[in-house]
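What follows is a set of notes on a single structure, which appears directly below.
The values are calculated or read from the model by the stated rules, or taken from the named source; none is laboratory data. Keep in mind it's a predicted model, so treat the numbers as computed, not measured. Backbone-built Cβ (ideal geometry, glycine too); neighbour counts: all protein chains shown. Note: areas computed on protein heavy atoms with side chains; ligands, DNA, RNA excluded. Shrake-Rupley method; radii C 1.70, N 1.55, O 1.52, S 1.80 Å.
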Amino acid sequence: MSEEPVSLRDRRRAQTEREVGEVALALFEAHGIDATTVDEIARQAGISPRTFFRYFPTKERAALVPHRDLEDRVAAMVDALSPDRPVLPQLEEIWVEVLTAFDDGRSEAGEQVLRVRRLMRTEPSLRLAAASLDEERTLVLVAHLRDLLGDLDDLRARVLVETAAAAVRVALDAWAEAVETGGEVDLVATYARCRDLQHDPQRAART
């Protein structure tokens, strides 16, 4: 029997990840993370606990399944970074594309992120899991920038990546807090404000 095509395996794995992730997130929202077990997530997702751990190292990570189409778009934009332009503005442009795709929670990816960010406000273990995932992604992006752009050392690349990401984290938290309290926040505009504060805190504070 011929081996199953990699692309088909990838699609099936991604589908399973999405399904398990949705079950986990719904259970976390309904009962809290501490009261939700891997066995319960696996049972409702129709898999065994052993299979669950083939996909996720912890129950918290199940709620952090990336949106594959958006991840692919981001990867393409990262690959297109130019050594002829300053790196930070290019990273910020990528984040604008990502946050725009969230459509203030109306898109599939945006709805998922909003649910996770709201849950993170009361679930420290989920925030820690998200921070751990961010760290993994940061290391990958730092290595990619170093290889792609050539003249960046690890320290400078990390500072640039973390600088761009810090403004995103603040904007996402402000967004989730506003929604939680019944308000509205334009996510992209909030991110722009965060960037202004980073680049020129005194000027931004007066506007």
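Of the conditions (1) of a type outside the set (Ser, Thr, Tyr); (2) over 23 Å from Ala143 (Cα atoms); (3) touching a residue at least 40 places away in the same chain (Cβ under 8 Å); (4) not in a helix (DSSP H, G or I), Ile47 fails just one. Which one is it?
Tallying (1) of a type outside the set (Ser, Thr, Tyr); (2) over 23 Å from Ala143 (Cα atoms); (3) touching a residue at least 40 places away in the same chain (Cβ under 8 Å); (4) not in a helix (DSSP H, G or I), Ile47 fails exactly one: (3).
Would you mind finding the one in Thr138, Thr190 that is polar (S, T, N, Q), buried (at least 17 other Cβ atoms within 10 Å of the Cβ) and closer than 30 Å to Glu111 by Cβ?
The match here is Thr190.
A quick yes/no check of all residues on (1) open to solvent by less than 50 Å² (accessible area, probe 1.4 Å); (2) among the aliphatic types (A, V, I, L, M):
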{"residue": "Glu19", "(1), (2)": "no, no"}
{"residue": "Phe28", "(1), (2)": "yes, no"}
{"residue": "Ile41", "(1), (2)": "yes, yes"}
{"residue": "Ile47", "(1), (2)": "yes, yes"}
{"residue": "Pro57", "(1), (2)": "no, no"}
{"residue": "Pro66", "(1), (2)": "yes, no"}
{"residue": "Leu88", "(1), (2)": "yes, yes"}
{"residue": "Leu91", "(1), (2)": "yes, yes"}
{"residue": "Phe102", "(1), (2)": "yes, no"}
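Among Val179, Val159, which is over 21 Å from Leu70 (Cα atoms), β-branched (Val, Ile, Thr) and surrounded by 16 or more Cβ atoms within 10 Å (Cβ to Cβ)?
Val179
Could you list, in sequence order, the residues of region 104-130 that are of a type in the set (S, T, N, Q), surrounded by fewer than 19 Cβ atoms within 10 Å (Cβ to Cβ) and part of a helix (DSSP H, G or I)?
Selection gives Ser125 alone.
Can you tell me how many residues in region 111-131 are under 11 Å from the mean Cα position of the chain (by Cα) and free of Cβ contacts under 8 Å to residues at least 12 places away in the same chain?
Selection size over region 111-131: 1.
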